[in-house]
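**Student:** Have a look at this one before I ask anything.
The values are calculated or read from the model by the stated rules, or taken from the named source; none is laboratory data. For clarity, every value in this text was computed on a predicted model and none was experimentally measured. No Cβ is skipped: glycine too gets one built from the backbone with ideal geometry, and neighbour counts run over all protein chains shown.
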Ligand SMILES: Cc1ncc(COP(=O)(O)O)c(C=O)c1O
(Lines give C-alpha, C1' and ligand atoms only; values in the text may rest on other atoms or scores of the structure.)
Protein backbone atom coordinates (compact mmCIF):
# COMPACT_ATOMS: atom_id res chain seq x y z
CA UNK A 1 0.00 0.00 0.00
CA UNK A 2 1.40 3.39 -0.96
CA UNK A 3 2.12 5.90 1.80
CA UNK A 4 -0.52 8.38 0.73
CA UNK A 5 -3.27 5.75 0.83
CA UNK A 6 -2.08 4.38 4.13
CA UNK A 7 -2.10 7.89 5.53
CA UNK A 8 -5.53 8.58 4.10
CA UNK A 9 -6.99 5.37 5.46
CA UNK A 10 -5.68 5.90 8.93
CA UNK A 11 -6.76 9.53 8.95
CA UNK A 12 -10.45 10.32 9.08
CA UNK A 13 -10.57 13.09 6.53
CA UNK A 14 -13.24 11.45 4.38
CA UNK A 15 -15.21 10.05 7.25
CA UNK A 16 -15.39 13.42 8.95
CA UNK A 17 -17.32 14.75 5.95
CA UNK A 18 -20.32 12.58 6.94
CA UNK A 19 -22.30 14.00 9.88
CA UNK A 20 -24.15 10.71 10.36
CA UNK A 21 -20.95 8.77 10.81
CA UNK A 22 -19.67 10.86 13.66
CA UNK A 23 -22.67 9.73 15.66
CA UNK A 24 -22.96 6.10 14.74
CA UNK A 25 -19.81 4.81 13.19
CA UNK A 26 -17.04 5.18 15.68
CA UNK A 27 -15.61 1.90 16.86
CA UNK A 28 -14.78 2.06 20.51
CA UNK A 29 -17.55 4.46 21.36
CA UNK A 30 -20.25 2.70 23.37
CA UNK A 31 -23.03 3.72 21.05
CA UNK A 32 -20.85 3.41 17.96
CA UNK A 33 -22.14 1.47 15.00
CA UNK A 34 -20.19 0.26 11.99
CA UNK A 35 -22.36 0.43 8.89
CA UNK A 36 -21.96 -2.54 6.57
CA UNK A 37 -25.34 -2.29 4.88
CA UNK A 38 -24.36 0.48 2.49
CA UNK A 39 -25.66 -1.42 -0.53
CA UNK A 40 -29.13 -0.78 0.84
CA UNK A 41 -28.56 2.82 1.84
CA UNK A 42 -25.42 4.93 2.01
CA UNK A 43 -24.72 8.02 4.11
CA UNK A 44 -24.55 11.61 2.85
CA UNK A 45 -21.59 14.02 3.00
CA UNK A 46 -22.36 17.35 4.66
CA UNK A 47 -21.83 19.27 1.41
CA UNK A 48 -25.05 17.84 0.03
CA UNK A 49 -26.95 18.52 3.21
CA UNK A 50 -25.64 22.11 3.16
CA UNK A 51 -26.89 22.53 -0.40
CA UNK A 52 -30.29 21.23 0.53
CA UNK A 53 -30.53 23.81 3.30
CA UNK A 54 -29.27 26.50 0.92
CA UNK A 55 -32.01 25.62 -1.53
CA UNK A 56 -34.80 25.76 0.99
CA UNK A 57 -33.44 29.00 2.42
CA UNK A 58 -32.63 30.89 -0.78
CA UNK A 59 -34.01 29.31 -3.92
CA UNK A 60 -37.31 27.71 -3.05
CA UNK A 61 -39.45 29.18 -5.87
CA UNK A 62 -41.55 27.66 -8.56
CA UNK A 63 -39.75 26.65 -11.74
CA UNK A 64 -40.59 27.28 -15.37
CA UNK A 65 -42.04 30.76 -14.99
CA UNK A 66 -40.92 34.04 -16.50
CA UNK A 67 -40.21 35.94 -13.28
CA UNK A 68 -36.56 36.47 -12.39
CA UNK A 69 -36.76 34.40 -9.20
CA UNK A 70 -38.35 31.51 -11.01
CA UNK A 71 -35.76 31.71 -13.77
CA UNK A 72 -32.92 31.63 -11.27
CA UNK A 73 -34.36 28.61 -9.50
CA UNK A 74 -34.91 26.81 -12.79
CA UNK A 75 -31.30 27.47 -13.78
CA UNK A 76 -29.97 26.21 -10.49
CA UNK A 77 -31.96 23.01 -10.69
CA UNK A 78 -30.98 22.49 -14.32
CA UNK A 79 -27.33 22.83 -13.43
CA UNK A 80 -27.82 20.28 -10.63
CA UNK A 81 -29.00 17.90 -13.34
CA UNK A 82 -25.83 18.70 -15.25
CA UNK A 83 -23.79 17.36 -12.32
CA UNK A 84 -25.65 14.05 -12.62
CA UNK A 85 -24.98 13.99 -16.34
CA UNK A 86 -21.30 14.57 -15.80
CA UNK A 87 -21.26 11.87 -13.14
CA UNK A 88 -22.57 9.38 -15.70
CA UNK A 89 -20.68 10.96 -18.59
CA UNK A 90 -24.03 11.28 -20.32
CA UNK A 91 -22.95 14.02 -22.75
CA UNK A 92 -25.98 15.55 -24.47
CA UNK A 93 -28.18 12.54 -23.94
CA UNK A 94 -31.13 12.36 -21.53
CA UNK A 95 -31.27 11.85 -17.77
CA UNK A 96 -34.56 11.67 -15.91
CA UNK A 97 -35.17 11.26 -12.20
CA UNK A 98 -37.79 9.32 -10.32
CA UNK A 99 -38.81 8.13 -6.92
CA UNK A 100 -36.64 5.00 -7.21
CA UNK A 101 -34.73 2.82 -9.65
CA UNK A 102 -37.55 0.30 -9.36
CA UNK A 103 -40.11 2.84 -10.52
CA UNK A 104 -38.01 4.04 -13.45
CA UNK A 105 -37.34 0.59 -14.86
CA UNK A 106 -41.03 -0.18 -14.43
CA UNK A 107 -41.88 2.96 -16.45
CA UNK A 108 -39.39 1.96 -19.12
CA UNK A 109 -40.95 -1.49 -19.43
CA UNK A 110 -44.45 0.03 -19.62
CA UNK A 111 -43.26 2.35 -22.39
CA UNK A 112 -41.72 -0.54 -24.34
CA UNK A 113 -44.91 -2.49 -23.78
CA UNK A 114 -46.61 0.02 -26.09
CA UNK A 115 -44.36 -0.74 -29.04
CA UNK A 116 -43.39 -4.40 -28.69
CA UNK A 117 -45.48 -6.95 -30.58
CA UNK A 118 -46.18 -10.65 -29.92
CA UNK A 119 -43.12 -12.72 -30.75
CA UNK A 120 -40.64 -9.95 -29.87
CA UNK A 121 -38.02 -11.21 -27.45
CA UNK A 122 -36.33 -9.79 -24.36
CA UNK A 123 -33.26 -11.30 -22.74
CA UNK A 124 -33.08 -10.83 -18.99
CA UNK A 125 -30.10 -11.75 -16.84
CA UNK A 126 -30.92 -13.91 -13.83
CA UNK A 127 -28.37 -11.99 -11.75
CA UNK A 128 -30.62 -8.93 -11.82
CA UNK A 129 -32.34 -7.55 -8.74
CA UNK A 130 -36.00 -8.53 -9.15
CA UNK A 131 -36.89 -4.90 -9.96
CA UNK A 132 -35.21 -5.45 -13.32
CA UNK A 133 -36.93 -8.78 -14.01
CA UNK A 134 -40.59 -8.55 -13.01
CA UNK A 135 -41.47 -5.52 -15.21
CA UNK A 136 -40.14 -7.33 -18.30
CA UNK A 137 -41.81 -10.61 -17.35
CA UNK A 138 -45.12 -8.77 -17.17
CA UNK A 139 -44.85 -8.13 -20.92
CA UNK A 140 -45.35 -11.86 -21.49
CA UNK A 141 -49.09 -11.17 -21.11
CA UNK A 142 -49.00 -9.44 -24.48
CA UNK A 143 -47.04 -12.18 -26.22
CA UNK A 144 -43.48 -10.96 -25.64
CA UNK A 145 -41.04 -13.85 -25.17
CA UNK A 146 -38.61 -13.68 -22.23
CA UNK A 147 -35.31 -15.56 -22.35
CA UNK A 148 -33.11 -15.89 -19.27
CA UNK A 149 -29.38 -15.29 -19.42
CA UNK A 150 -27.60 -17.38 -16.75
CA UNK A 151 -24.55 -16.03 -14.96
CA UNK A 152 -21.37 -18.06 -14.43
CA UNK A 153 -20.61 -19.90 -11.19
CA UNK A 154 -18.49 -16.91 -10.14
CA UNK A 155 -21.36 -14.55 -10.75
CA UNK A 156 -20.40 -12.88 -14.04
CA UNK A 157 -22.49 -12.32 -17.14
CA UNK A 158 -20.50 -13.92 -19.94
CA UNK A 159 -21.13 -13.73 -23.65
CA UNK A 160 -21.05 -17.52 -24.13
CA UNK A 161 -24.20 -17.85 -22.04
CA UNK A 162 -26.15 -15.38 -24.16
CA UNK A 163 -24.99 -16.18 -27.68
CA UNK A 164 -27.60 -18.83 -28.30
CA UNK A 165 -30.35 -16.49 -27.05
CA UNK A 166 -29.76 -13.48 -29.32
CA UNK A 167 -31.56 -13.59 -32.65
CA UNK A 168 -33.32 -11.27 -35.09
CA UNK A 169 -36.41 -11.09 -32.84
CA UNK A 170 -34.39 -9.87 -29.83
CA UNK A 171 -35.44 -6.32 -28.99
CA UNK A 172 -34.03 -5.74 -25.52
CA UNK A 173 -31.23 -7.23 -23.43
CA UNK A 174 -31.00 -6.25 -19.79
CA UNK A 175 -28.45 -7.04 -17.12
CA UNK A 176 -26.67 -5.48 -14.16
CA UNK A 177 -23.32 -3.81 -14.10
CA UNK A 178 -23.01 -5.35 -10.61
CA UNK A 179 -25.43 -7.56 -8.70
CA UNK A 180 -26.58 -6.64 -5.20
CA UNK A 181 -25.80 -10.14 -3.91
CA UNK A 182 -22.75 -11.23 -5.90
CA UNK A 183 -20.77 -8.00 -6.08
CA UNK A 184 -19.23 -8.91 -9.45
CA UNK A 185 -18.23 -6.29 -11.99
CA UNK A 186 -19.46 -7.15 -15.46
CA UNK A 187 -17.57 -5.85 -18.45
CA UNK A 188 -20.53 -4.01 -19.94
CA UNK A 189 -18.62 -2.47 -22.81
CA UNK A 190 -17.38 -5.79 -24.14
CA UNK A 191 -20.69 -7.55 -23.56
CA UNK A 192 -22.61 -4.83 -25.38
CA UNK A 193 -20.20 -4.87 -28.31
CA UNK A 194 -20.51 -8.65 -28.60
CA UNK A 195 -24.30 -8.55 -28.35
CA UNK A 196 -24.51 -5.83 -31.02
CA UNK A 197 -22.26 -7.91 -33.27
CA UNK A 198 -25.06 -10.49 -33.24
CA UNK A 199 -27.97 -8.04 -33.57
CA UNK A 200 -27.14 -4.41 -34.07
CA UNK A 201 -30.59 -3.04 -33.25
CA UNK A 202 -30.87 -4.51 -29.75
CA UNK A 203 -31.63 -2.01 -26.97
CA UNK A 204 -29.41 -2.66 -23.96
CA UNK A 205 -30.66 -1.65 -20.51
CA UNK A 206 -28.09 -1.78 -17.70
CA UNK A 207 -28.78 -1.61 -13.96
CA UNK A 208 -25.95 0.35 -12.36
CA UNK A 209 -27.42 0.57 -8.86
CA UNK A 210 -24.60 -1.38 -7.22
CA UNK A 211 -21.83 -0.18 -9.50
CA UNK A 212 -22.10 3.59 -9.21
CA UNK A 213 -21.48 3.64 -5.42
CA UNK A 214 -18.10 1.98 -6.02
CA UNK A 215 -16.87 2.68 -9.53
CA UNK A 216 -17.06 5.58 -11.88
CA UNK A 217 -19.88 5.07 -14.40
CA UNK A 218 -19.30 5.97 -18.04
CA UNK A 219 -22.43 5.39 -20.08
CA UNK A 220 -20.97 6.74 -23.31
CA UNK A 221 -18.01 4.44 -23.08
CA UNK A 222 -20.03 1.28 -22.49
CA UNK A 223 -22.49 2.55 -25.12
CA UNK A 224 -25.66 1.18 -23.53
CA UNK A 225 -29.06 2.53 -24.56
CA UNK A 226 -30.38 2.95 -21.01
CA UNK A 227 -28.65 2.91 -17.62
CA UNK A 228 -30.33 3.33 -14.27
CA UNK A 229 -29.24 3.55 -10.66
CA UNK A 230 -30.35 4.74 -7.23
CA UNK A 231 -28.41 7.84 -6.19
CA UNK A 232 -29.15 7.33 -2.51
CA UNK A 233 -26.91 4.26 -2.59
CA UNK A 234 -24.05 6.45 -3.80
CA UNK A 235 -23.88 9.14 -1.09
CA UNK A 236 -26.35 11.35 -2.97
CA UNK A 237 -30.03 12.24 -2.51
CA UNK A 238 -32.92 9.78 -2.59
CA UNK A 239 -33.69 9.44 -6.28
CA UNK A 240 -33.78 6.84 -8.99
CA UNK A 241 -31.85 8.05 -12.05
CA UNK A 242 -32.44 6.88 -15.61
CA UNK A 243 -30.05 7.71 -18.44
CA UNK A 244 -31.08 7.04 -22.02
CA UNK A 245 -29.96 7.99 -25.48
CA UNK A 246 -32.15 10.67 -27.01
CA UNK A 247 -32.92 8.46 -30.02
CA UNK A 248 -34.11 5.67 -27.73
CA UNK A 249 -36.29 7.94 -25.62
CA UNK A 250 -37.71 9.23 -28.90
CA UNK A 251 -38.58 5.72 -30.01
CA UNK A 252 -40.88 4.98 -27.05
CA UNK A 253 -44.07 6.75 -26.12
CA UNK A 254 -43.81 9.04 -23.13
CA UNK A 255 -46.07 8.52 -20.17
CA UNK A 256 -47.21 12.10 -19.68
CA UNK A 257 -50.77 13.15 -20.40
CA UNK A 258 -52.09 13.64 -23.92
CA UNK A 259 -51.70 17.40 -23.87
CA UNK A 260 -48.10 17.46 -22.69
CA UNK A 261 -45.27 18.15 -25.12
CA UNK A 262 -44.07 14.79 -26.45
CA UNK A 263 -40.54 16.09 -26.95
CA UNK A 264 -40.23 17.18 -23.32
CA UNK A 265 -38.64 14.11 -21.73
CA UNK A 266 -39.04 15.49 -18.23
CA UNK A 267 -42.78 15.93 -18.70
CA UNK A 268 -43.01 12.50 -20.31
CA UNK A 269 -40.98 10.51 -17.78
CA UNK A 270 -40.94 12.54 -14.58
CA UNK A 271 -44.69 12.40 -14.53
CA UNK A 272 -46.77 14.22 -11.95
CA UNK A 273 -46.00 17.16 -9.70
CA UNK A 274 -42.56 18.71 -9.25
CA UNK A 275 -39.75 16.89 -7.56
CA UNK A 276 -38.31 17.37 -4.14
CA UNK A 277 -36.38 20.31 -5.50
CA UNK A 278 -34.12 20.71 -2.47
CA UNK A 279 -32.93 17.16 -2.88
CA UNK A 280 -32.24 17.77 -6.53
CA UNK A 281 -30.31 20.94 -5.71
CA UNK A 282 -28.17 18.89 -3.29
CA UNK A 283 -26.44 17.24 -6.25
CA UNK A 284 -24.36 20.43 -6.48
CA UNK A 285 -22.74 19.25 -3.25
CA UNK A 286 -21.21 16.31 -5.08
CA UNK A 287 -18.84 18.72 -6.79
CA UNK A 288 -17.60 19.87 -3.38
CA UNK A 289 -17.36 16.28 -2.20
CA UNK A 290 -15.32 15.02 -5.13
CA UNK A 291 -12.96 18.00 -4.87
CA UNK A 292 -12.50 17.39 -1.17
CA UNK A 293 -11.72 13.72 -1.66
CA UNK A 294 -8.88 14.92 -3.89
CA UNK A 295 -7.87 17.38 -1.18
CA UNK A 296 -8.45 20.20 -3.65
CA UNK A 297 -10.01 23.57 -2.87
CA UNK A 298 -13.74 23.53 -3.37
CA UNK A 299 -14.71 24.94 -6.71
CA UNK A 300 -18.07 25.43 -8.30
CA UNK A 301 -16.75 23.76 -11.41
CA UNK A 302 -17.15 20.04 -11.69
CA UNK A 303 -15.21 18.32 -14.43
CA UNK A 304 -15.21 14.75 -15.57
CA UNK A 305 -11.55 14.52 -14.64
CA UNK A 306 -12.30 15.45 -11.01
CA UNK A 307 -14.97 12.76 -10.79
CA UNK A 308 -12.76 10.09 -12.34
CA UNK A 309 -9.84 10.88 -10.03
CA UNK A 310 -12.06 11.04 -6.93
CA UNK A 311 -13.33 7.55 -7.74
CA UNK A 312 -9.75 6.33 -8.06
CA UNK A 313 -9.13 7.40 -4.47
CA UNK A 314 -12.40 5.84 -3.27
CA UNK A 315 -11.54 2.57 -5.01
CA UNK A 316 -8.16 2.43 -3.30
CA UNK A 317 -9.80 2.81 0.09
CA UNK A 318 -12.35 0.16 -0.69
CA UNK A 319 -9.78 -2.22 -2.15
CA UNK A 320 -8.00 -2.31 1.17
CA UNK A 321 -11.18 -3.23 3.05
CA UNK A 322 -12.22 -5.84 0.50
CA UNK A 323 -8.86 -7.58 0.51
CA UNK A 324 -8.89 -7.89 4.29
CA UNK A 325 -12.39 -9.25 4.47
CA UNK A 326 -12.26 -11.64 1.50
CA UNK A 327 -8.96 -13.08 2.70
CA UNK A 328 -10.55 -13.74 6.07
CA UNK A 329 -13.60 -15.50 4.56
CA UNK A 330 -11.49 -17.60 2.20
CA UNK A 331 -9.22 -18.66 5.05
CA UNK A 332 -12.16 -20.15 6.97
CA UNK A 333 -13.64 -23.39 5.71
CA UNK A 334 -16.89 -22.75 7.63
CA UNK A 335 -17.74 -19.78 5.37
CA UNK A 336 -19.06 -20.11 1.82
CA UNK A 337 -18.48 -16.99 -0.25
CA UNK A 338 -20.84 -16.25 -3.14
CA UNK A 339 -19.80 -14.36 -6.25
CA UNK A 340 -16.22 -13.76 -7.41
CA UNK A 341 -13.53 -15.38 -5.27
CA UNK A 342 -11.17 -12.55 -6.14
CA UNK A 343 -10.40 -9.67 -3.82
CA UNK A 344 -9.37 -7.40 -6.69
CA UNK A 345 -11.59 -4.39 -7.20
CA UNK A 346 -11.14 -4.89 -10.93
CA UNK A 347 -13.44 -7.91 -10.76
CA UNK A 348 -15.67 -7.09 -7.80
CA UNK A 349 -16.84 -4.38 -5.47
CA UNK A 350 -17.23 -4.41 -1.70
CA UNK A 351 -20.52 -6.28 -1.72
CA UNK A 352 -19.70 -9.58 -0.12
CA UNK A 353 -22.30 -12.28 0.55
CA UNK A 354 -21.70 -15.51 2.40
CA UNK A 355 -23.19 -18.28 4.52
CA UNK A 356 -21.83 -20.18 7.50
CA UNK A 357 -21.95 -23.99 7.36
CA UNK A 358 -24.06 -24.33 10.51
CA UNK A 359 -25.17 -20.90 11.73
CA UNK A 360 -28.02 -19.14 9.94
CA UNK A 361 -27.65 -15.69 8.36
CA UNK A 362 -30.33 -14.48 10.74
CA UNK A 363 -28.29 -15.56 13.79
CA UNK A 364 -25.16 -14.00 12.36
CA UNK A 365 -26.97 -10.74 11.72
CA UNK A 366 -28.30 -10.78 15.30
CA UNK A 367 -24.86 -11.40 16.77
CA UNK A 368 -23.38 -8.64 14.60
CA UNK A 369 -26.19 -6.34 15.58
CA UNK A 370 -25.61 -6.90 19.29
CA UNK A 371 -22.00 -5.91 18.63
CA UNK A 372 -23.03 -2.71 16.84
CA UNK A 373 -22.17 -4.10 13.43
CA UNK A 374 -24.92 -3.42 10.91
CA UNK A 375 -24.93 -6.17 8.26
CA UNK A 376 -27.84 -7.39 6.14
CA UNK A 377 -29.30 -10.87 5.82
CA UNK A 378 -31.94 -12.42 3.57
CA UNK A 379 -32.59 -13.05 -0.11
CA UNK A 380 -32.03 -9.37 -1.03
CA UNK A 381 -34.68 -9.59 -3.76
CA UNK A 382 -32.12 -11.53 -5.78
CA UNK A 383 -34.53 -14.47 -5.98
CA UNK A 384 -33.13 -16.01 -9.14
CA UNK A 385 -29.56 -15.84 -7.93
CA UNK A 386 -30.63 -17.65 -4.77
CA UNK A 387 -32.46 -20.25 -6.84
CA UNK A 388 -29.44 -20.91 -9.04
CA UNK A 389 -26.93 -21.08 -6.17
CA UNK A 390 -29.09 -23.26 -3.92
CA UNK A 391 -29.75 -20.54 -1.35
CA UNK A 392 -33.12 -21.13 0.33
CA UNK A 393 -35.17 -17.93 0.17
CA UNK A 394 -36.17 -18.19 3.81
CA UNK A 395 -32.51 -18.53 4.79
CA UNK A 396 -30.72 -16.18 2.43
CA UNK A 397 -27.19 -14.93 2.92
CA UNK A 398 -25.30 -12.51 5.12
CA UNK A 399 -24.29 -9.48 3.08
CA UNK A 400 -21.52 -7.12 4.11
CA UNK A 401 -21.30 -4.03 1.93
CA UNK A 402 -18.55 -1.46 2.24
CA UNK A 403 -18.29 2.13 1.21
CA UNK A 404 -15.07 4.08 0.98
CA UNK A 405 -15.94 5.67 4.35
CA UNK A 406 -15.70 2.41 6.25
CA UNK A 407 -12.53 1.93 8.25
CA UNK A 408 -10.01 -0.84 8.76
CA UNK A 409 -10.89 -0.86 12.47
CA UNK A 410 -14.51 -1.55 11.64
CA UNK A 411 -13.58 -4.43 9.37
CA UNK A 412 -11.25 -5.83 12.03
CA UNK A 413 -14.08 -5.70 14.55
CA UNK A 414 -16.39 -7.55 12.15
CA UNK A 415 -13.75 -10.18 11.46
CA UNK A 416 -13.25 -10.60 15.20
CA UNK A 417 -16.96 -11.33 15.68
CA UNK A 418 -17.26 -13.68 12.69
CA UNK A 419 -14.19 -15.55 13.87
CA UNK A 420 -15.94 -16.37 17.16
CA UNK A 421 -19.41 -16.80 15.74
CA UNK A 422 -19.95 -20.39 16.99
CA UNK A 423 -19.43 -19.28 20.56
CA UNK A 424 -21.29 -15.95 20.24
CA UNK A 425 -24.37 -17.40 18.52
CA UNK A 426 -25.11 -20.09 21.10
CA UNK A 427 -28.09 -18.37 22.75
CA UNK A 428 -29.44 -16.56 19.71
CA UNK A 429 -32.80 -17.83 18.37
CA UNK A 430 -32.60 -19.39 14.90
CA UNK A 431 -35.10 -17.01 13.36
CA UNK A 432 -37.30 -14.07 14.27
CA UNK A 433 -40.53 -16.04 13.95
C1 LIG B 1 -28.99 -3.93 -8.12
C2 LIG B 1 -30.17 -3.12 -7.68
N3 LIG B 1 -30.99 -2.62 -8.60
C4 LIG B 1 -32.07 -1.89 -8.27
C5 LIG B 1 -32.40 -1.66 -6.95
C6 LIG B 1 -33.66 -0.89 -6.63
O7 LIG B 1 -33.36 0.40 -6.20
P8 LIG B 1 -34.53 1.33 -5.65
O9 LIG B 1 -34.61 1.06 -4.19
O10 LIG B 1 -34.09 2.71 -5.95
O11 LIG B 1 -35.76 0.98 -6.34
C12 LIG B 1 -31.60 -2.19 -5.96
C13 LIG B 1 -31.94 -1.97 -4.54
O14 LIG B 1 -31.38 -2.51 -3.65
C15 LIG B 1 -30.44 -2.92 -6.32
O16 LIG B 1 -29.63 -3.42 -5.41
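**Student:** Within the group 237, 253, which residue is in the same structural domain as residue 202 (by TED's automatic domain parsing), touching a residue at least 40 places away in the same chain (Cβ under 8 Å), crowded, with 22+ Cβ neighbours inside 10 Å and not in a strand (DSSP E or B)? Steps first, please.
**Tutor:** Values: 253 fails: crowded, with 22+ Cβ neighbours inside 10 Å.
Step by step, each of 237, 253 is checked, and only 237 is in the same structural domain as residue 202 (by TED's automatic domain parsing), touching a residue at least 40 places away in the same chain (Cβ under 8 Å), crowded, with 22+ Cβ neighbours inside 10 Å and not in a strand (DSSP E or B).
**Student:** Residues 202, 206: which one is touching a residue at least 12 places away in the same chain (Cβ under 8 Å), within 14 Å of the ligand (Cβ to nearest atom) and within 22 Å of residue 105 (Cβ to Cβ)? Please lay out each step first, then the result.
**Tutor:** Working: 202 fails: within 14 Å of the ligand (Cβ to nearest atom).
Going through 202, 206 in turn, just one is touching a residue at least 12 places away in the same chain (Cβ under 8 Å), within 14 Å of the ligand (Cβ to nearest atom) and within 22 Å of residue 105 (Cβ to Cβ): 206.
**Student:** Within the bounds of the range 406-428, is there any residue that is free of Cβ contacts under 8 Å to residues at least 40 places away in the same chain, in a helix (DSSP H, G or I) and more than 22 Å from residue 156 (Cβ to Cβ)?
**Tutor:** We begin by selecting, within the range 406-428, every residue free of Cβ contacts under 8 Å to residues at least 40 places away in the same chain; these are 416, 420, 423, 426-427.
Remaining after also requiring in a helix (DSSP H, G or I): 416, 423.
After this cut, where a residue has to be more than 22 Å from residue 156 (Cβ to Cβ) as well, the list is 416, 423.
Yes, the range 406-428 contains at least one residue that is free of Cβ contacts under 8 Å to residues at least 40 places away in the same chain, in a helix (DSSP H, G or I) and more than 22 Å from residue 156 (Cβ to Cβ).
**Student:** Now for a separate question. For the range 171-187, what are the residues that are in contact with a helix residue (DSSP H, G or I) (Cβ under 8 Å, 6 or more places away or on another chain) and away from the ligand (no atom under 16 Å from the Cβ)?
**Tutor:** Initially, the range 171-187 is screened for residues in contact with a helix residue (DSSP H, G or I) (Cβ under 8 Å, 6 or more places away or on another chain), giving 171-177, 179, 181-182.
Of everything in the range 171-187, those that are in contact with a helix residue (DSSP H, G or I) (Cβ under 8 Å, 6 or more places away or on another chain) and away from the ligand (no atom under 16 Å from the Cβ) turn out to be 171, 172, 173.
**Student:** Between 377, 355, which is touching a helix residue (DSSP H, G or I) at 6+ places or on another chain (Cβ under 8 Å), part of a strand (DSSP E or B) and within 16 Å of the ligand (Cβ to nearest atom)?
**Tutor:** Details: 355 fails: within 16 Å of the ligand (Cβ to nearest atom).
After ruling out the rest, the residue left standing is 377.
Table: residues versus (1) within 20 Å of residue 242 (Cα to Cα); (2) under 24 Å from the mean Cα position of the chain (by Cα); (3) modelled with pLDDT under 95.
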{"residue": "107", "(1), (2), (3)": "yes, yes, no"}
{"residue": "115", "(1), (2), (3)": "yes, no, no"}
{"residue": "120", "(1), (2), (3)": "no, no, no"}
{"residue": "123", "(1), (2), (3)": "yes, yes, no"}
{"residue": "127", "(1), (2), (3)": "yes, yes, no"}
{"residue": "131", "(1), (2), (3)": "yes, yes, no"}
{"residue": "135", "(1), (2), (3)": "yes, yes, no"}
{"residue": "144", "(1), (2), (3)": "no, no, no"}
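**Student:** Residue by residue through the range 164-184, note down the ones that are surrounded by fewer than 24 Cβ atoms within 10 Å (Cβ to Cβ) and more than 16 Å from residue 124 (Cβ to Cβ). I'd like the intermediate steps shown before the answer.
**Tutor:** First pass over the range 164-184, keeping only residues surrounded by fewer than 24 Cβ atoms within 10 Å (Cβ to Cβ): 164-172.
Of everything in the range 164-184, just one residue is surrounded by fewer than 24 Cβ atoms within 10 Å (Cβ to Cβ) and more than 16 Å from residue 124 (Cβ to Cβ), namely 168.
**Student:** Would you check which residues across the range 392-411 are surrounded by fewer than 22 Cβ atoms within 10 Å (Cβ to Cβ) and at pLDDT 95 or above and list them?
**Tutor:** If the condition is that a residue be surrounded by fewer than 22 Cβ atoms within 10 Å (Cβ to Cβ) and at pLDDT 95 or above, then 392, 393, 394, 395 are the ones that fit.
**Student:** Step by step: first the residues of the range 94-129, then only those that are part of a helix (DSSP H, G or I) and surrounded by fewer than 17 Cβ atoms within 10 Å (Cβ to Cβ), then the one that is nearest to the ligand (Cβ to nearest atom). Which residue is that?
**Tutor:** Taking the range 94-129 and keeping what is part of a helix (DSSP H, G or I), we get 101-113.
The next check asks that each one be surrounded by fewer than 17 Cβ atoms within 10 Å (Cβ to Cβ); those that pass are 103, 110.
On the way: 103: 7, 110: 15 Å.
Out of the qualifying residues, it is 103.
**Student:** Quick check on the range 220-238: of everything there that is under 22 Å from residue 268 (Cα atoms) and modelled with pLDDT of 95 or more, which residue is nearest to the ligand (Cβ to nearest atom)?
**Tutor:** 230
**Student:** Right, something else. Could you tell me which of the residues 316, 346 is in contact (Cβ under 8 Å) with a residue 40 or more places away in the chain, under 30 Å from residue 288 (Cα atoms), under 21 Å from the mean Cα position of the chain (by Cα) and surrounded by fewer than 17 Cβ atoms within 10 Å (Cβ to Cβ)?
**Tutor:** Working: 316 fails: surrounded by fewer than 17 Cβ atoms within 10 Å (Cβ to Cβ).
346 is the lone residue from the list that is in contact (Cβ under 8 Å) with a residue 40 or more places away in the chain, under 30 Å from residue 288 (Cα atoms), under 21 Å from the mean Cα position of the chain (by Cα) and surrounded by fewer than 17 Cβ atoms within 10 Å (Cβ to Cβ).
**Student:** Can you tell me which residue is nearest to the ligand (Cβ to nearest atom) among those in the range 51-93 that are under 29 Å from residue 219 (Cβ atoms), outside any helix (DSSP H, G or I) and in contact (Cβ under 8 Å) with a residue 60 or more places away in the chain?
**Tutor:** Only one residue tops the list, namely 90.
**Student:** Here's a follow-up. In this structure, is residue 167 farther than 13 Å from residue 351 by Cα and in a loop (DSSP other than H, G, I, E, B)?
**Tutor:** Working: farther than 13 Å from residue 351 by Cα: yes; in a loop (DSSP other than H, G, I, E, B): yes.
Answer is yes for this residue.
**Student:** Next question, about the same structure. Looking only at residues in the range 326-341 that are touching a strand residue (DSSP E or B) at 6+ places or on another chain (Cβ under 6 Å) and part of a loop (DSSP other than H, G, I, E, B), which one is surrounded by the fewest Cβ atoms within 10 Å (Cβ to Cβ)? I'd like the intermediate steps shown before the answer.
**Tutor:** The first filter runs over the range 326-341 and keeps only residues touching a strand residue (DSSP E or B) at 6+ places or on another chain (Cβ under 6 Å), leaving 329, 334-340.
So of that shortlist, the ones also part of a loop (DSSP other than H, G, I, E, B) come out as 334, 338-340.
Details: 334: 15, 338: 24, 339: 28, 340: 21.
Looking at the filtered set, the residue picked out is 334.
**Student:** Evaluate the following for residue 158: is it in the same structural domain as residue 110 (by TED's automatic domain parsing), away from the ligand (no atom under 13 Å from the Cβ), more than 19 Å from residue 403 (Cα to Cα) and surrounded by 18 or more Cβ atoms within 10 Å (Cβ to Cβ)?
**Tutor:** Working: in the same structural domain as residue 110 (by TED's automatic domain parsing): yes; away from the ligand (no atom under 13 Å from the Cβ): yes; more than 19 Å from residue 403 (Cα to Cα): yes; surrounded by 18 or more Cβ atoms within 10 Å (Cβ to Cβ): no.
Against the criterion (in the same structural domain as residue 110 (by TED's automatic domain parsing), away from the ligand (no atom under 13 Å from the Cβ), more than 19 Å from residue 403 (Cα to Cα) and surrounded by 18 or more Cβ atoms within 10 Å (Cβ to Cβ)), residue 158 does not qualify.
**Student:** On to the next question. Just checking, which of 242, 266 is more than 16 Å from the ligand (Cβ to nearest atom), in contact (Cβ under 8 Å) with a residue 24 or more places away in the chain and outside any loop (DSSP other than H, G, I, E, B)?
**Tutor:** Working: 242 fails: more than 16 Å from the ligand (Cβ to nearest atom).
Of the residues listed, the single one that is more than 16 Å from the ligand (Cβ to nearest atom), in contact (Cβ under 8 Å) with a residue 24 or more places away in the chain and outside any loop (DSSP other than H, G, I, E, B) is 266.
**Student:** Is the range 203-213 home to any residue that is surrounded by fewer than 22 Cβ atoms within 10 Å (Cβ to Cβ) and in a strand (DSSP E or B)?
**Tutor:** Kept after step one, since they are surrounded by fewer than 22 Cβ atoms within 10 Å (Cβ to Cβ), are these residues of the range 203-213: 203-204.
Checking the rest, the ones that are also in a strand (DSSP E or B) come to 203-204.
Looking through the range 203-213, at least one residue is surrounded by fewer than 22 Cβ atoms within 10 Å (Cβ to Cβ) and in a strand (DSSP E or B).
**Student:** Condition test on residue 384, is it in contact with a strand residue (DSSP E or B) (Cβ under 8 Å, 6 or more places away or on another chain) and outside any helix (DSSP H, G or I)? Step through it out loud before you land on a result.
**Tutor:** Details: in contact with a strand residue (DSSP E or B) (Cβ under 8 Å, 6 or more places away or on another chain): yes; outside any helix (DSSP H, G or I): no.
In short, no.
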